[in-house]
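Notes for the one structure printed next.
The values are calculated or read from the model by the stated rules, or taken from the named source; none is laboratory data. Remember, predicted model here, so these are calculated numbers, not experimental data. Methodologically, a virtual Cβ is constructed for each residue, glycine included, from the backbone with ideal geometry; neighbour enumeration extends over all protein chains shown. In case anyone asks, the SASA skips ligands and DNA or RNA and just uses the protein heavy atoms, side chains included. Shrake-Rupley method; radii C 1.70, N 1.55, O 1.52, S 1.80 Å.
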Amino acid sequence: LQRGEKVICVAQEDDASVIAGYLRDAGVPPDGAVASGQLVFVDPANFYLNEAAGGVERVLAAGQEIVRAALAEGYTGLRAIGDSEWLLRSERGAERLIAYEARVSAAIAGKRCAALCPYHRQRFSPELLLTVVRSHQAVVVGTTRHKLHYPVVPVDLLGPQRAKVELEQWLDSVA
């Protein structure tokens, strides 16, 4: 917010209130940013995977339009935080995770956009979280960002030779 970026927060109403409280505690009053449209809270039910309305393609198109609109409105970039809990509510959410993460990463690559998708360790399986970690260049644990030294290009995790691709990318990163 202080850098002149637009911030989109896809969160349940209760979570949005908690996030607004964190901002206040950090000395960043959210009320003015919400009133001006710089900070926007969006209900996940209105944003995420709705199979009948186009699924992943609809979410990606909406995200690309949000980035375009933020830049057109004069913001320096876009920061987005998304509710990962939709995976738990979606009938096929977990099996679509890698495809979704890969497509989002590709859609924002090279754009003035950064996205953060939090995953609560108590609510997701270790296998699912390990897959998420493997497909990112950095992770945030608590309040600390950690750069990963051997991330796997997420789209490559979609192929039938996932283990081979992951091993080759890991070896290339340490060579």
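A few points about this structure:
- A simple spin-label model places pseudo-atoms 7 Å from Cα toward Cβ; at L71 and S17 they are separated by 3.7 nm.
- Taking all protein chains together, L171, L71, L39 sort by accessible area into L171, L71, L39, largest first [probe 1.4 Å].
- Using R0 = 41 Å, the C-beta based FRET efficiency linking L171 and R123 works out to 0.80.
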